Amino acid sequence: MDDEERNGRAKVPLGGLDNLMLDAVCAVTAEGQCVSVTGACERIFGYTPEEMAGKYMLDLVHPEDRDRTQGSIDRVMGGYLQRYFENRYIRKDGSVVYISWSAAWSEAHQLRIGVARDITERKLGAGALVEPQLLPEHPSCWRLSARPRRLVSSNGVVIPLSEQDHVVLRALMSGGPCVTRRAVIEALGEDYLSYDQRRLDTQMRRLRTKVMEACGQALPVSTLRAKGYRFYEQARIQD
């Protein structure tokens, strides 16, 4: 391999890799207004970088954490290098995300630079309670998340899911008033005609039991005889 080939391979394009990043890097003015966000912006906050630009960051902080967060901001503005500060933000969909921050003031750029990491999974283990929905335009509902794979019940209990559970629930929650058995089976990547449908019955019984044991609520899925299933309560899917 010659030097040109070696150098060509070494030059990996970095554009479009934001989805691989665990952290979001936020640049904020002295007045608290967001200038830019790179990295895992939408994954953490629920907003695109374009939507975040111009927002006042403190407005997105959980109301109970604002005074404590303002204290941290004041320390950073005074020259303190902040590490591992934890608070909660309200995502675009009204859910709560726990964030660990490292932050410093850049005198040269006149910007506060903060690196945010989502620590919700660590904070909310199996069976833990999620904060109640805080915004009136986002009523309580069932929420399905892909990263991490979990279901949050309407009473706020976190239920970890296997990959198969997640696929089944995603099909049920996004399929309208009637999700056919065929649609669920094909979502699992199986051939409908050769699939032993008793396996789907077993999967559904196991999933209903898991949800009931975790949160004390029945999974809101009705069986439509000879047709399929219907998820009959309000649901939100977060990819």
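Temperature 37 °C, viscosity 0.692 mPa s: under these conditions the Stokes-Einstein estimate for the range 173-239, based on its Kirkwood radius over C-alpha pairs, is 254 µm² per second. Reported value for the range 25-131: 93 Å³ per residue, from the convex hull of its C-alpha atoms. For a quick check of your reading of the filter: which trypsin sites (Lys or Arg not before Pro) in the range 157-225 sit in a DSSP loop and have no more than 11 other Cβ atoms within 10 Å? Of the trypsin sites (Lys or Arg not before Pro), the ones in loops of the range 157-225 whose Cβ has at most 11 other Cβ atoms within 10 Å are 225. Restricting the GluC sites (Glu not before Pro) of the range 58-123 to loop positions (DSSP other than H, G, I, E, B) with no more than 11 neighbouring Cβ atoms within 10 Å leaves 107. Residues in the range 217-230 carry Karplus couplings, in order, of 10, 6, 4, x, 10, 9, 8, 9, 3, 6, 10, x, 9, 9 Hz; the curve used is 6.51 cos²θ - 1.76 cosθ + 1.60 with θ = phi - 60°, and Gly or Pro positions show x.
Please compute, over every Cα-Cα pair in the range 66-105, the percentage with a separation greater than 15 angstrom. Roughly 43 percent, rounded to a whole number.
Could you work out the local net charge near residue 195, counting Lys and Arg as +1, Asp and Glu as -1, over the other residues with Cβ closer than 14 Å to its Cβ?
With Lys, Arg at +1 and Asp, Glu at -1, the net is -1.
None of the figures in this text is laboratory data; all of them are computed from the coordinates on show. In this text, all values refer to a predicted model and were calculated from it rather than measured experimentally. A quick note on method: Cβ atoms are made from the backbone with ideal geometry, for glycine too, and the neighbour counts reach across all protein chains shown.
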